[in-house]
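The values are calculated or read from the model by the stated rules, or taken from the named source; none is laboratory data. Because the structure is a prediction, the values reported are computed rather than measured. Neighbour counts are summed over all protein chains in view; Cβ atoms, including those assigned to glycine, are modelled from backbone coordinates with ideal geometry. Ligands, DNA and RNA are excluded from the accessible area calculation, which covers all protein heavy atoms including side chains. Shrake-Rupley method; radii C 1.70, N 1.55, O 1.52, S 1.80 Å.
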Amino acid sequence: ICCDWLKLPLPDKSINEIHASDCLEHHRQWQMDESMGELNRILKIGGTLWGTTPNLSFVIKSAYEKTRDEDWIMRNLFGDRAGYNHTHYVLYTKYSMRKMFDKYGFSVIFDSLEDWIHFTATKVRDI
């Protein structure tokens, strides 16, 4: 489905699984209640939201230790310029991601590589 995250054309509690790799960092912070509310709304209890997002802790560590070049750091902080709006509005650490998922009715487990956060969030309650 290709549509606006804030108006998903799906019935309540109709989906078992959502794959959201490289998506959550593009949600605007000021619209997080709406966008995460929509994901919670369409997922069934026990449904999963899984994907990847850049690991802010690793990006900061890489900048401090100078283990990655400046272009890589800037792309991971702000998004690349692929000829369309590809801005990173929110970056996560495992801690901030856990807080975010808890707020929106999910429990989360991580299977992370160092530079990416791989997450599987299970809907545990309606919000």
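Structure data summary
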| read-out | value |
| --- | --- |
| Where the chain is the region considered: accessible area per residue in Å², 1.4 Å probe | 59 |
| 18 Å reach of a label modelled at LYS44, 7 Å along Cα-to-Cβ, counting backbone N of the range 1-36 | 10-19 |
| Proximal aspartates and glutamates relative to LYS13, as straight alpha-carbon distance under 19 Å, when same-chain residues fewer than 8 apart are discounted | ASP4, ASP33, GLU34, GLU38, ASP102, ASP126 |
| Cα-based Rg of the range 64-127 normalised by 2.2 N^0.38 Å, two decimals | 1.37 |
| Unit charges at the beta carbon, dipole of the range 1-116: most positive-side option, GLY105, VAL90, LEU10 | GLY105 |
| Ellipsoid equivalent to the chain - semi-axes via the Cα gyration tensor, in Å | 27, 17, 11 |
| Pairs beyond 27 Å (Cα-Cα), from LYS61/LYS99; LYS66/LYS99; LYS44/LYS103 | LYS66/LYS99 |
| CD proxy at 222 nm, helix term only [per DSSP H run n ≥ 4: -39500 (n - 2.57); per residue of the chain; nearest 500] | -9000 deg cm²/dmol |
| TYR92 long-range amide H proximity, modeled H, under 5 Å | LEU56 |
| Simple Cβ-charge dipole of the chain, Lys/Arg +1 and Asp/Glu -1, about Cα centre, in debye nearest 20 | 380 |
| Stokes-Einstein diffusion coefficient of the range 24-64, Kirkwood radius over Cα pairs, 37 °C, 0.692 mPa s, in µm²/s | 265 |
